[in-house]
1. How are the alpha carbon pair distances in the chain distributed across 20 Å bins from zero to the largest one, expressed in percent?
2. Would you work out if region 157-222 is rounded, prolate or oblate? Take a ≥ b ≥ c from the square roots of the eigenvalues of the alpha-carbon gyration tensor; rounded if a/c is under 1.5, else prolate when a/b is larger than b/c, oblate otherwise.
3. At 4 °C and 1.567 mPa s, what whole-number value in µm²/s does Stokes-Einstein give for the translational diffusion of region 130-185, with Rh from the Kirkwood sum over Cα pairs?
4. So how do 103-114, 320-331, 205-216 stack up, highest first, on mean other-Cβ count within 10 Å?
5. Could you look at region 303-397 and say what percent of its accessible area is carbon and sulfur, using a 1.4 Å probe and all protein chains?
6. Near Lys302, within a Cβ-to-Cβ distance under 12 Å, what is the net charge of the other residues, with Lys and Arg +1 and Asp and Glu -1?
7. Where Rh denotes the Kirkwood radius from the mean inverse Cα pair distance, what is Rg over Rh for region 222-357?
8. Please work out the Cα center distance from region 374-446 to region 290-309, rounded to the nearest Å.
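The values are calculated or read from the model by the stated rules, or taken from the named source; none is laboratory data. All figures in this text were calculated on a predicted structure; none of them were measured in a lab. For neighbour counting, all protein chains shown are included, and Cβ atoms are generated from backbone atoms with ideal geometry for every residue, glycine included. To get the accessible areas, we keep the full protein, side chains included, count just its heavy atoms, and leave off ligands, DNA and RNA. Shrake-Rupley method; radii C 1.70, N 1.55, O 1.52, S 1.80 Å.
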Amino acid sequence: MAVTNTLNDSNNDKSQRSKDLSEIINPTSAPIFNLLQEAPLPPSSSSITSNPHIPSVSASAVLGESYSMPEGTPIVRGFDFSSVANNSTSSSDTLDGILRSYATMGFQASNIALAIDQINEMRKWRLSDVPYQSNEDESLKDMDLRKKIRARIFFSYTSNQISCGQREIIRYLVQHKMVDVIVTTAGGIEEDLMKCFEHTYMGDFKLSGRELRKKGINRIGNLLVPNKNYCKFEDWMSPLITKMHDEQDSNHVKWAQEVAAASSVSSNKELPEKFVWTPSKMIKMLGQEINDESSVLYWAAKNDIPIFCPAITDGSVGDMLYFHSYKRKGFIVDINEDIRKINDIAVQSHATGQIIIGGGLVKHHTCNANLMRNGANYSVYLNTGQEFDGSDSGASPDEAISWGKIRIDAKPVKVSCDATIALPLIVSQTFAKNVEAWKKESEELKCWYGDE
């Protein structure tokens, strides 16, 4: 009997949980009725509906009345090329017109239009757009000060975006300080640097992997990367790892001496901070060392834009750290300091926007940092991941809302499209518009009241 009662209790619990979930998903549990009843249609001028030989259920199912669309519902309409066929409209104006028409084109074109709107909204946001809150610093009551505080923009991308021609677009954004924080993968670091030494070439998706391997050529989709690119990168990188190791050891000796001196004077004296390399410190140093204006890392270092890469060892850099460890042990790369840094940057933002190209680590790392501030205010996902397998790569913005990674009142956008198609179009209507005016205005803006 006890076993039976336990089973019944378990079934009741499951039933209750199902009921609760149903109420969350569909809070109005109204009964479902068949809206199209089997009945003769009223007389009309239509020869079909008035034909008594047609079964009334079929006529009703096919020709039943529909509700009127709400007033103001957009009408599907695409771009009319006849509007530019016989006049002197510039190519730029034509492109602008095509992308404006995306809003009513439908499918992913309309999502691109929504992404454009979302990015423009995050760029124009000012603290003056929201009323003063009692938990804010009293200095922020000053409306002129509020007008000078903007949203902080997180920009994330997977390594393939640097492998392909998107590198030039990303470099443009970083060169002109249009983004504030970057998250990428190890490939996003090393491929940028490798392109400073050797080219990546166009190939074909169908080239034989076996034949390419014999020739020492690596394939990334329909791109080709000769092995010599990696060799040149490693020849450049290996001495820098030794240099970083030397700097680490020198600083540790100095730190140990300072600790010993402080301990001998007073036990209450604050101990000095120990120097460690982090991925973001390494990446900034690499950007300074490469000294090449075609490089994303170069401009990030020059403009003091942090690049976070928690998986810095997942690529050629990791290979070299592995080889270095056999020559000399003890080199440390601390990811803990970086997680503190990126989370603090997110928390110390009056509003945030996130533009995430691709999935996996870069998507989650960016969203998780924004979780620390109860979610991003603006979000654009650009990827081809699907939600059915439960992966974070394919997870929708709405799923991120459930975790607190995106604000409940946000209007995030996901574009399901190859980023090499979508991103250039999006940038042309956002960051690439009114550049000089934006740069002049941004000189007086900051993302956090405490920022210098």
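1. In order of increasing distance, the bins hold 18, 43, 27, 10, 1, 0 percent.
2. Cα axes put region 157-222 in the prolate bin.
3. Values: Rh = 13.9 Å.
D = 93 µm²/s.
4. Working: 103-114: 17.8, 320-331: 12.3, 205-216: 10.0.
Highest to lowest by the protection proxy: 103-114, 320-331, 205-216.
5. Numbers: 2140 of 4150 Å².
Within region 303-397, the accessible surface is 52 percent carbon and sulfur.
6. Working: positive: Arg171, Lys177, Lys284; negative: Asp292, Glu293, Asp304.
So the surrounding residues net to 0.
7. Numbers: Rg = 18.2 Å, Rh = 17.5 Å.
A ratio of 1.04.
8. Their Cα centres are 22 Å away from one another.
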